[in-house]
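Student: Structure in C-alpha cells, see below.
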Amino acid sequence: MPKKNRLHPLRVRPFRPADEKDCIRMGMRAFSGPGTEDRWRHYLRGNPHLSAGRVLVATRGSARVGMAALLDFRMAVEGRMVPMDGVAAVGVDSLSRQQGVADALLREAIRCSARMRRPLSTLHPFRESFYRKFGYALFEWVQVLTAVRADVQRRTGHRSRHGRDPGVGEGPFVEECCRYLSSTASSPVCIPA
C-alpha cells in the first residue's frame with residue numbers, strides 16, 4: 001500500500017518548459033543506460049512520436065516528483081492502421097517512491113488516451129504485476145510467413161547466390177523477400193539479425 005504524503009496533494013498536469021530540468025534528472029535516475037542530458041532533452045523536445053501535451057508531470061506543492069510520456073504510434077489491426085499510445089518514460093523521483101506517484105501518472109495517462117479516443121496502448125513494464133491493475137497484460141503476437149524460394153525469385157525477379165550457406169552474401173535477396181512478403185501481409189515482416 002502506498003504511503004501517503006499528507007503535506008501536499010499529488011497533482012498530475014501536462015509538461016511545461018520549466019519542468020525540463022527536473023524531468024531530465026528524473027529520467028536519468030530512473031533509467032539506466034546511455035541517458036545523457038542532451039539525449040533526454042532531445043527526447044522531450046525533438047521526439048517525432050511525442051506530441052505537445054503528451055508528457056505528464058506529477059507534482060507535490062512546487063516539487064516535481066514524477067513524469068510519464070504518451071508516444072504517438074500506429075498499429076495495423078485487421079489491415080487498418082489505427083492510433084495507439086506508447087506509455088513511456090514513467091519515472092518517479094527517488095524520494096517519492098511508494099507514494100502513489102506512478103499510479104497517479106498511469107491513471108491520468110489512461111484518461112488522456114480515452115479523451116483522444118485511443119483504445120490501444122503498449123508499454124515495456126518494469127514489473128508486470130504493477131501494470132496489471134490498469135488492465136495491461138502480456139501479449140505477444142507472432143506472424144510467421146513461409147515462402148518458397150523459387151516463388152519469391154519468380155515474383156521479384158531476384159536470384160540468390162546458390163551454393164552458399166543460407167544468408168551469406170544474400171542480404172539484397174533477403175531484403176527483397178521482406179519487401180515482397182510485407183506487401184502481401186497485414187503487418188511488416190522483420191528478419192531477426
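The values are calculated or read from the model by the stated rules, or taken from the named source; none is laboratory data. Every value quoted in this text rests on a predicted model; they were computed, and no experiment measured them. Positions of Cβ are generated from backbone atoms using ideal geometry, with glycine treated the same way; all protein chains shown enter the neighbour counts.
Student: If a residue must be in a helix (DSSP H, G or I) and either among the polar types (S, T, N, Q) or touching a residue at least 40 places away in the same chain (Cβ under 8 Å) (or both), how many such residues does region 112-137 contain?
Tutor: First, pick out the residues of region 112-137 that are in a helix (DSSP H, G or I): 112-115, 128-132.
After this cut, where a residue has to be either among the polar types (S, T, N, Q) or touching a residue at least 40 places away in the same chain (Cβ under 8 Å) (or both) as well, the list is 112-113, 129.
Of the residues in that region, 3 qualify.
Student: Against the conditions (1) at negative phi; (2) touching a residue at least 40 places away in the same chain (Cβ under 8 Å); (3) within 19 Å of the chain's Cα centre (by Cα), where does Ala89 fall short? Just the number, please.
Tutor: Among (1) at negative phi; (2) touching a residue at least 40 places away in the same chain (Cβ under 8 Å); (3) within 19 Å of the chain's Cα centre (by Cα), Ala89 violates only (1).
Student: Report, by residue number, each residue of region 17-35 that is under 19 Å from the mean Cα position of the chain (by Cα) and surrounded by fewer than 13 Cβ atoms within 10 Å (Cβ to Cβ).
Tutor: If the condition is that a residue be under 19 Å from the mean Cα position of the chain (by Cα) and surrounded by fewer than 13 Cβ atoms within 10 Å (Cβ to Cβ), then Ser32, Gly33, Pro34 are the ones that fit.
Student: Write out, first by first residue and then by second, each pair whose Cβ atoms fall under 8 Å of each other, whose residues are 6+ apart or on separate chains, and whose first residue, in region 93-109, is under 18 Å from Arg29 (Cα atoms) while the second is of a type in the set (Phe, Trp, Tyr) and part of a helix (DSSP H, G or I).
Tutor: Ala102/Phe130
Student: What do you reckon, is Leu10 among the hydrophobic types (A, V, I, L, M, F, W, C), at pLDDT 90 or above, in contact with a helix residue (DSSP H, G or I) (Cβ under 8 Å, 6 or more places away or on another chain) and under 18 Å from Tyr136 (Cβ atoms)?
Tutor: no
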